[in-house]
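Please read the structure below before turning to the comments.
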Amino acid sequence: MNTPQPAPPRLSGRIAAVWRRNFLVWRKLALPSIVGNLADPVIYMLGLGYGLGMLVPEVGGQSYIAFLAGGTLCYSTMNAATFEVLYSSFSRMHVQKTWDAILNAPVSLDDIVAAELLWAASKATMAGLAILAVIALFGYTASPLALAALPVVFLTGLAFAALGLIMTALAPGYDFFTYYFTLFITPMTLLSGVFFPRDQLPGGFQLLAELLPLSHAVALARPLLQGHWPVHAALHLVVLTACAGIAFAVARVLMRRRLLK
């Protein structure tokens, strides 16, 4: 049988119906989900912030825990979006056959993939909002400008959800995702300025970090939490937007090749 050829996305308002379906399922377990997304980054922020913070008095003119707050916000957003599209979306697509059932309705595969993307970004935004509330509660936001980090959180969620959908389209099983975390997510977290300034890295690694979407998310969120506008904000926004758009385009082509045979 011929392999489906790439075509422009066929999107409709039915994306909202698929998004709502995912939301209604998640709502039954909303509290455990939010607590789960919240616990890990808060433990990292407080544990490393107060632990290493005793050894590192200041980073860039602020306490280490205040420095870590911006990185933690982006790190938690990335994780929430990634886990949603890797494990939950893969389950709906491959294990539970939810997508097959939806395709029996007048809903296109492009609608489903776009809805998964938007749902993962929405869920990541809720996780980011919870983290931001904790950061504000502990007094590590300098001004109301910190609220401007929420659009950054959503865009970060879109970028990493789109990247994760590529892995979901390629994965034969859950074990495949271990490679993605080991070879991409973990090294990127260490290179992107989450735990320490990127200017402490060797020159070659600094150049590599400039190519990573998490670096641009952190470069946007951290200054906003500190109460001032990010330097080169437009560039960082363009990189994240391009990452989300290109990765989504690749993901939908791979999904069509996998499912529309």
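What to note about this one:
- Residue-count net charge about G128 - beta-carbon cut-off 15 Å; Lys, Arg +1, Asp, Glu -1: 0
- Helix 233-259 and the long axis of the chain differ in direction by around 30°, with both axes built from C-alpha atoms.
- On full extension, the segment bounded by H228 and V56 gains 59.6 nm, given 0.36 nm per residue less the C-alpha separation.
- Dipole check for the chain: with +1 at the C-beta of Lys and Arg, -1 at the C-beta of Asp and Glu, and the Cα centre as origin, the magnitude is about 940 Debye.
- Helix axis angle, 64-83 relative to the chain longest principal axis, alpha carbon, degrees: 10
- Summed side-chain charge close to G71 - residues other than G71 whose Cβ falls under 12 Å, Lys, Arg +1, Asp, Glu -1: +2
- Length gained on full extension, L46 to L207, computed as 0.36 nm times the residue gap minus the Cα-Cα distance: 55.0 nm.
- In this simple spin-label approximation, D199 and L24 carry label points 7 Å from Cα along the Cα→Cβ vector, and these lie 5.3 nm apart.
- Of all the options A81, A127, A247, the one that moves most in a Gaussian network model of the chain with Cα springs shorter than 10 angstrom is A247.
- Gaussian network model of the chain, springs between alpha carbon atoms under 10 Å - residue of L155, L31, L170 with greatest fluctuation: L31
- The value of relative contact order for the chain, using C-alpha pairs under 8 Å at least six residues apart, is 27 percent.
- Extension gain, R10 to L170, is 55.5 nm, computed as 0.36 nm per intervening residue step minus the present C-alpha separation.
- Summed side-chain charge close to M255 - residues other than M255 whose Cβ falls under 11 Å, Lys, Arg +1, Asp, Glu -1: +2
Bear in mind that the values in this text are calculations on the coordinates, not laboratory data. These figures come from a predicted structure and were not determined experimentally. With ideal geometry, Cβ positions are generated from the backbone for all residues, glycine too; neighbour counts draw on all protein chains shown.
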